[in-house]
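Working notes for the structure below.
Computed from the coordinates by the stated procedures, all read-outs in this text should not be read as laboratory data. Only a predicted model underlies this, so the values are computations on that prediction, with no experimental measurement involved. Using ideal geometry, Cβ is built from the backbone for each residue, glycine included, and neighbour counts are taken over all protein chains shown.
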């Protein structure tokens, strides 16, 4: 009898999860941003979103999202592979690709800290607010933190985001401006910094992320959320390493969502 009850409970849990996934609406959206330029996004909408999250991938920023909702590159990035996990935590998820004028090499390299990039994402924020009356958060990982953080320093007004999450932050960069070197004192929204203490990427030393926290002097709420363990293989700057929270996905996603919804 006990075994039968456990079997029924397990089946109920599986069906409940399946129903939850089935309720997530997914679509590709293109919106105009600048003159002759459009921004492609993959949008995942849960039945009753409590907040929205714009996800910025790392690397060169190119995902090459197809009309059929697939990715030609970057699908293993920490944020991209966990997009459904965020949506299942009641977040309206918007995955942004490189805009149409950056669809060839070097893609977003040299573009993440430009006014054009800010303009594109400002249009995305406005589009989201037209779809759902919920707070809009920027979430970047690795080089995506250079996009999310810079945009937050520039859009510190009602047209800007309501919160910022930086995961595996770029704290040193010989080729550009690392996040700690930005005008982080201009950020007046909650800030969550998420970092793996064993991150082996040369641009993302944990000590740098910890030291960076004092620079968010105007943030009304801030926290450094750290993780250890999981598994790591290959290039220490790639998604299968500690840098990409490999093996810790559900825990990291869950704690980020909990922090976003915390009062």
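Sequence gap at least 6, Cα distance under 8 Å: using those rules, report the relative contact order of segment 25-261 to the nearest whole percent.
Worked out over segment 25-261, it gives 17 percent.
Restricting everything to alpha-carbon atoms, can you work out Rg to Rh for segment 151-225 with a Kirkwood hydrodynamic radius?
0.96
For segment 101-179, compute the orientation-averaged projected area of the C-alpha convex hull (one quarter of its surface), in nm².
Details: hull surface 21.9 nm².
Computing the convex hull of the Cα atoms and averaging its projections yields 5.5 nm².
If you fit an axis through the alpha-carbon atoms of helix 2-22 and take the longest principal axis of the Cα set of the chain, what angle between them do you get, 0 to 90°, nearest 10?
Rounded to the nearest ten degrees, it is 40.
Provide the gained length on full extension for the span residue 28 to residue 231, in nm with one decimal, where the gain is 0.36 nm per separating residue minus the Cα-Cα distance.
69.8 nm
With a 10 Å Cβ neighbour count serving as the proxy for reagent exposure, in which order, fewest first, do 182, 212, 76 appear?
Ordered from fewest to most neighbouring Cβ atoms within 10 Å, 182, 212, 76 come out as 76, 182, 212.
Once you sort the root eigenvalues of the Cα gyration tensor of segment 221-263 as a ≥ b ≥ c, which label holds: rounded (a/c under 1.5), prolate (a/b larger than b/c) or oblate (the other case)? It would help to have the intermediate numbers written out before the result.
Working: a/c = 3.10, a/b = 2.34, b/c = 1.33.
Here segment 221-263 falls in the prolate category.
What nm value, rounded to one decimal, do you get for the distance between residue 81 and residue 249 when each label is placed 7 Å out toward the C-beta?
Calculated label separation equals 0.6 nm.
With a 10 Å Cβ neighbour count serving as the proxy for reagent exposure, in which order, fewest first, do 66, 232 appear?
66, 232
Round to the nearest 0.05 the FRET efficiency obtained for residue 214 and residue 172 when R0 = 22 Å and r is the Cβ-Cβ distance.
After rounding to 0.05, the efficiency reads 0.85.
Express in whole angstrom the spacing between the alpha-carbon centres of segment 17-81 and segment 227-248.
Using only Cα atoms, the two centres lie 23 Å from each other.
Between the helical axis of 144-154 and the dominant principal axis of the chain, each derived from Cα atoms, what acute angle in degrees is found, rounded to the nearest 10?
For helix 144-154, the angle is close to 60 degrees.
How many angstrom lie between the C-alpha centres of segment 106-121 and segment 144-164?
Taking the Cα centre of segment 144-164 as reference, the centre of segment 106-121 is 13 Å away.
Would you mind checking the tilt of helix 249-261 against the longest principal axis of the Cα atoms of the chain, expressed as 0 to 90 degrees and rounded to 10?
70 degrees
Between residue 101 and residue 205, how high is the FRET efficiency from 1/(1 + (r/R0)^6) when r is the Cβ-Cβ distance and R₀ = 25 Å? Nearest 0.05.
Here the calculated transfer efficiency is 0.15.
Would any residue of segment 71-96 have its amide N under 18 Å from a label point 7 Å out along Cα→Cβ of residue 48? List them or say none.
Hits in segment 71-96 for residue 48 at 18 Å: 87-93.
For the chain, compute Rh as the Kirkwood radius over C-alpha pairs and then the Stokes-Einstein diffusion coefficient at 37 °C and 0.692 mPa s; write the answer in µm²/s, rounded to an integer.
This corresponds to a translational diffusion coefficient of 175 µm²/s.
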